[in-house]
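Take a look at the structure set out below.
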Amino acid sequence: MKNPFSFILVRWWHRAALNNLIMQKYQKAEEYFKKIQAVEPYRFGLGHNLALVALARERYEEAEKYFLNELERYGDTFVRFKSLGDLYYIWGKREQCAEYYKKALALCEHEGDKRQITHRIAQCENEPVFEKAMRSYSLLKAGNKKMAEKDFDGGYDLLKESVALDPCNFQAWNNLGALEMNIKKNAAESVKFFEKAAMYTSLVGIHGNLKKARDMLAKELKK
């Protein structure tokens, strides 16, 4: 790099980008990732993070390009295959979704991820069932929008409809748990919902939510 301060800047941008990504501030995260791309276009993991931002902002073709480039450049891994499966699932591309989920399943080690991927492969192999799952995902997005607008009752109802259509929709279960824990202050019910979410994912944040809800319930029971 020509600028001796570029290394420090890139580290700072990377930290800021990841923080914004975690907080779901996708536009800001993308701005920082793009700054990094201008200086280190082939930085390891950058394409994957740009793909996640594009996916979150529903720019599916762009996300596909980044994910496939990462796969070609760095090789086969569970995360790369599953990320493509997730993309095609959200995008509604049933055949491509099944293809990459099957590749991910062969490399999967976490039981929760195995349950989720196995379930989604089965959905992909039955068109009416897959369409039902897509309706569940649409209700999840609508429920999340209501939550962002602070219409918590409306969001709750939509999320309940979502899990009724797809009982393995772990994001919907997680958000229901969050509403029970943070808005309704119902620790027992939040534990039930977080347990259902944790059954279908290895995501640390969701397992952390379950622990927090269990701790909250334990404190209530001691009173």
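Listed here are the residues, each with its yes/no results for (1) out of contact with any Ser or Thr (no Cβ under 9 Å at 6 or more places or on another chain); (2) surrounded by 15 or more Cβ atoms within 10 Å (Cβ to Cβ); (3) of a type in the set (F, W, Y).
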| position | (1), (2), (3) |
| --- | --- |
| L21 | yes, yes, no |
| Q27 | yes, no, no |
| V39 | no, yes, no |
| G47 | yes, yes, no |
| R57 | yes, no, no |
| E61 | yes, no, no |
| E72 | yes, no, no |
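Filter region 74-88 down to the residues that are aliphatic (A, V, I, L, M) and surrounded by fewer than 22 Cβ atoms within 10 Å (Cβ to Cβ) and list them by number.
Result: V79, single match.
A Cβ distance below 9 Å, combined with a sequence gap of six or more or placement on separate chains, defines the contacts here; from region 195-223, residues that are loosely packed, with under 14 Cβ neighbours inside 10 Å reach residues that are aromatic (F, W, Y) in the pairs K211/F194. The residue that is nearest to P167 (Cα to Cα), among those in region 89-122 that are in contact with a Lys or Arg (Cβ under 8 Å, 6 or more places away or on another chain) and surrounded by 22 or more Cβ atoms within 10 Å (Cβ to Cβ), is I117.
Counting the residues of region 181-206 that are within 18 Å of K114 (Cα to Cα) and not in a helix (DSSP H, G or I) gives 5. Every condition in (1) surrounded by 14 or more Cβ atoms within 10 Å (Cβ to Cβ); (2) hydrophobic (A, V, I, L, M, F, W, C); (3) more than 23 Å from L21 (Cα to Cα) is met by A164 except one, and the failing one is (1). Within region 125-145, not a single residue is in contact with a His (Cβ under 9 Å, 6 or more places away or on another chain), under 22 Å from K82 (Cα atoms) and not in a helix (DSSP H, G or I).
Every number here is computed from the coordinates shown, using simple stated rules; none is lab data. The model shown is predicted, which means the values in this text are computed figures rather than measured ones. Using ideal geometry, Cβ is built from the backbone for each residue, glycine included, and neighbour counts are taken over all protein chains shown.
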